[in-house]
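Worksheet: the structure to be examined is printed underneath.
The values are calculated or read from the model by the stated rules, or taken from the named source; none is laboratory data. Since we're looking at a predicted model, the values are computed, not measured. Because the Cβ atoms are built from the backbone with ideal geometry, glycine has one as well, and the counts that use them run over all protein chains shown. Protein only, heavy atoms only, side chains kept; ligands, DNA and RNA dropped before computing areas. Shrake-Rupley method; radii C 1.70, N 1.55, O 1.52, S 1.80 Å.
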Amino acid sequence: MTSLSATKYSDALQPEPSSVHEYVCWSRMQAEAGQLLSDIVRRKELERLAGGGLFCWGVGNAPAAMTAVLAKLNQPVQVIFSTMKSRPKLVDVKPSRIVAWRKFFDQEGILRSLPRHVLVTSRADSAKGPKTRHFALMCYSDRVLGLQNGCAFDPSAFRNAGGTGAPVGASQVTALLRRVSKSREETDYEVNLAAWLTAGYWVRLADPAELSPEFERINAMKKSSAEDWLEFVDWARRGIDRAGPPVLQQGSLL
């Protein structure tokens, strides 16, 4: 049975120089859908290993129009994740309901099922009622995912890609950026996690399924096999009306 236990990081992920890659996708991350950030990253590592490097990171806002252009051109875009400075909202730490998203719209606007190993969750409700829209960054990494410190990221060296090229707004959680100046050495943010955008880069999700309270068992999954992970995702994406607990091999929950 293939082990998905993490191996030690060899090198810190560094942002690529602007002379090589002009665009960067920057996303600020925090606890969401009832999971602490450390648990989310651990779950994404299980997903990445089960998918041969591919994992999806859920985000709440739609992509800039320029994103689709870069995806079609296969322009390399590094995605940089930084921890939010503010505390997570209570509605994210303890949402009343959680959903798993099962489908996405590809670059041609065709509705497709997410790969079997992918599990993107969010709270089920917004301030206006049940959520009908959510998005995801399609990411690839050949390295173990783990939170890091020590590599600075300076958002003031970038502007929003496309449009008027405005500075990054305080309310922008995820944004496609274009470098316009040299980064400062001292900044408020770090590269806490990094990967590369792949496939459709930044896609719209669809077909949410409400999760059972038993989903919280995922927080105990520290080591698992590829088969265990796929069984768990299958169970979660069937929704709250499924019968029985998630199927896991003995020893999967540590």
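Taking a spot 7 Å from the Cα of V180 along the direction of its beta carbon, which residues of segment 128-165 have an amide N less than 17 Å from it?
154-165, by backbone N distance to the label point.
Which entry in (i) 27.0; (ii) 12.1; (iii) 14.0 matches mean projected area of the Cα convex hull in nm² derived from the coordinates of this structure?
Of the listed options (i) 27.0; (ii) 12.1; (iii) 14.0, (iii) comes from this structure.
Angle check, please: helix 226-237 long axis (alpha carbons) against the longest principal axis of the chain (alpha carbons), in degrees 0 to 90, nearest 10.
So the helix axis and the longest Cα principal axis differ by about 90 degrees.
Net charge near S156: determine it from the other residues with C-beta under 15 Å of the C-beta of S156, scoring Lys and Arg +1 and Asp and Glu -1.
So the surrounding residues net to +2.
Keeping every protein chain present and rolling a 1.4 Å probe, give me the accessible area per residue for the chain in Å². Intermediate results must be reported in sequence, preceding the final value.
Numbers: 12670 Å² over 254 residues.
Roughly 50 Å² per residue, with all protein chains present.
Using a basic spin-label model with each label point 7 Å from the Cα along Cα→Cβ, how many nm lie between T132 and E227?
About 4.3 nm separates the two model spin labels.
How big is the Rg/Rh ratio for segment 92-200, C-alpha atoms only, Rh by Kirkwood, two decimals? Write down the numbers at each step before the final one.
Values: Rg = 16.9 Å, Rh = 17.0 Å.
When Rh is taken as the Kirkwood radius, the ratio is 0.99.
Starting from 0.36 nm per residue, how many nanometres of slack lie between E108 and K94 once their C-alpha separation is accounted for?
On the way: separation 14, 0.36 × 14 = 5.04 nm, distance 3.60 nm.
Difference between extended and current length: 1.4 nm.
Starting from the Cα coordinates of segment 86-152, work out the convex hull volume and express it per residue in Å³.
Working: hull volume 11.7 nm³, N = 67.
Dividing the Cα hull volume of segment 86-152 by its residues yields 175 Å³.
When Lys and Arg each count +1 and Asp and Glu each count -1, what net charge do the other residues less than 12 Å away from A71, Cβ to Cβ, add up to?
Numbers: positive: K72; negative: D106, E108.
Residues close to A71 contribute a combined charge of -1.
Whole-Hz ³J(HN,Hα) for each residue in segment 28-40, computed from phi via Karplus 6.51 cos²θ - 1.76 cosθ + 1.60 with θ = phi - 60°, x for glycine and proline: what do you get?
So the J values, rounded to whole Hz, are 8, 10, 6, 4, 7, 6, x, 10, 5, 4, 4, 5, 5.
Once you have the Cα-Cα distance between Q75 and C151, take 0.36 nm times their residue separation minus that, and quote the gain in nm to one decimal. Show your work: numbers first, answer last.
On the way: separation 76, 0.36 × 76 = 27.36 nm, distance 2.38 nm.
Length difference between fully extended and current span is 25.0 nm.
Could you check how much of the accessible area of the chain is carbon and sulfur, as a whole percent, using a 1.4 Å probe?
On the way: 6350 of 12670 Å².
The computed percentage sits at 50.
Calculate, for L36 and A170, the FRET efficiency according to 1/(1 + (r/R0)^6) with r their C-beta to C-beta distance and R0 30 Å; round to the nearest 0.05. Mind dumping the intermediate values first?
Details: r = 24 Å, r/R0 = 0.79.
E between L36 and A170, to the nearest 0.05, is 0.80.
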